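The values are calculated or read from the model by the stated rules, or taken from the named source; none is laboratory data. Keep in mind that this is a model prediction, so the values were computed, not measured. Glycine gets a Cβ as well: all are built from the backbone with ideal geometry, and neighbour counts include every protein chain shown. In case anyone asks, the SASA skips ligands and DNA or RNA and just uses the protein heavy atoms, side chains included. Shrake-Rupley method; radii C 1.70, N 1.55, O 1.52, S 1.80 Å.
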Amino acid sequence: MEQPNPPIKQKAKKITLGLLAAILFFLLTVYIFWRITDEIVLEKETAFDLKIFALLADYISPATTKLMLVFTFFGSTKFLLPAYILLSGFFLFYKRNRLQSISIAAVGLSSIGLLYVLKNIFQRHRPLNPLTSNVIGYSYPSGHSFSSFTFFGLLTYIIWQTNIAKIWKWILSVFLILLAACIAISRVYLHVHFASDVIAGFCLSVIWLSISFFILHKIQQSINS
């Protein structure tokens, strides 16, 4: 009679499948970001973005606009900068975890630098007739989309390192991802970004977080060794 796999082998198999899925997802986001950059931004193809604007046109109303402005606030510097400072300070002064505090600050600062560089490389102009004022800077990739997915993705990663119940980890993770998605959608609804901008922002966030987590993991390993 064939014996079942030992628990250690089963765990190793799960880790291997999880790592494979993560690598495939990473490669997919790289591919999508490259295709958007090449075919939509550099070639200036507008069909996809105009189609999305047309689909959202039927939902424009004063009430919806107010709701979208609330969502867009949570992807702004006015929210994310204090959020990064509070999160970094929490680990530095309350948890006494200097490495985690520095890591959070490093991810936040490096993401700002990366976004600035890419926006100035592509210099894509924003859509016409935005539904909100004081819109400045270039359009590609979306800063709100990239920054919100990066911050809430980082927060999700931290949550999964805690000892809270797994059900709460899933609930909080789904909530944070949906919040980031609503922020991204709000930017298209408000006509301050094209749909391709926010999709690219999401892909860039996945790429940057993956690289950041890999580097931070290697640093942690070198410290512990």
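What number of residues in the stretch 151-203 are of a type in the set (Phe, Trp, Tyr), under 15 Å from the mean Cα position of the chain (by Cα) and more than 22 Å from residue 50 (Cβ to Cβ)?
Selection size over the stretch 151-203: 4.
Which one is nearest to the chain's Cα centre (by Cα) among residues in the stretch 72-96 that are surrounded by fewer than 14 Cβ atoms within 10 Å (Cβ to Cβ) and outside any helix (DSSP H, G or I)?
Looking at residues that are surrounded by fewer than 14 Cβ atoms within 10 Å (Cβ to Cβ) and outside any helix (DSSP H, G or I), I get 95.
Hey, among 204, 216, which residue is surrounded by 13 or more Cβ atoms within 10 Å (Cβ to Cβ) and at pLDDT 95 or above?
That would be 204, the only listed residue that is surrounded by 13 or more Cβ atoms within 10 Å (Cβ to Cβ) and at pLDDT 95 or above.
For the stretch 120-135, which positions are open to solvent by less than 100 Å² (accessible area, probe 1.4 Å), free of Cβ contacts under 8 Å to residues at least 60 places away in the same chain and farther than 19 Å from residue 81 by Cα?
Passing the criteria: 120, 123, 133.
With respect to residue 146, is the statement that it is touching a helix residue (DSSP H, G or I) at 6+ places or on another chain (Cβ under 9 Å), at pLDDT 95 or above and either assigned to a helix (DSSP H, G or I) or under 29 Å from residue 34 (Cβ atoms) (or both) true?
Considered against the rule, which asks whether it is touching a helix residue (DSSP H, G or I) at 6+ places or on another chain (Cβ under 9 Å), at pLDDT 95 or above and either assigned to a helix (DSSP H, G or I) or under 29 Å from residue 34 (Cβ atoms) (or both), residue 146 comes out as yes.
Residues in the stretch 48-71: is at least one of a type in the set (S, T, N, Q) and either open to solvent by 60 Å² or more (accessible area, probe 1.4 Å) or closer than 16 Å to residue 142 by Cα (or both)?
No.
Yes or no: the stretch 120-128 includes at least one residue that is hydrophobic (A, V, I, L, M, F, W, C) and assigned to a helix (DSSP H, G or I).
Yes: one or more hits.
Which one of 65, 29 is part of a helix (DSSP H, G or I) and within 25 Å of residue 210 (Cα to Cα)?
29
Mind listing whichever residues of the stretch 136-178 are open to solvent by less than 30 Å² (accessible area, probe 1.4 Å), touching a residue at least 24 places away in the same chain (Cβ under 8 Å) and over 21 Å from residue 110 (Cβ atoms)?
139 - this is the single residue of the stretch 136-178 that is open to solvent by less than 30 Å² (accessible area, probe 1.4 Å), touching a residue at least 24 places away in the same chain (Cβ under 8 Å) and over 21 Å from residue 110 (Cβ atoms).
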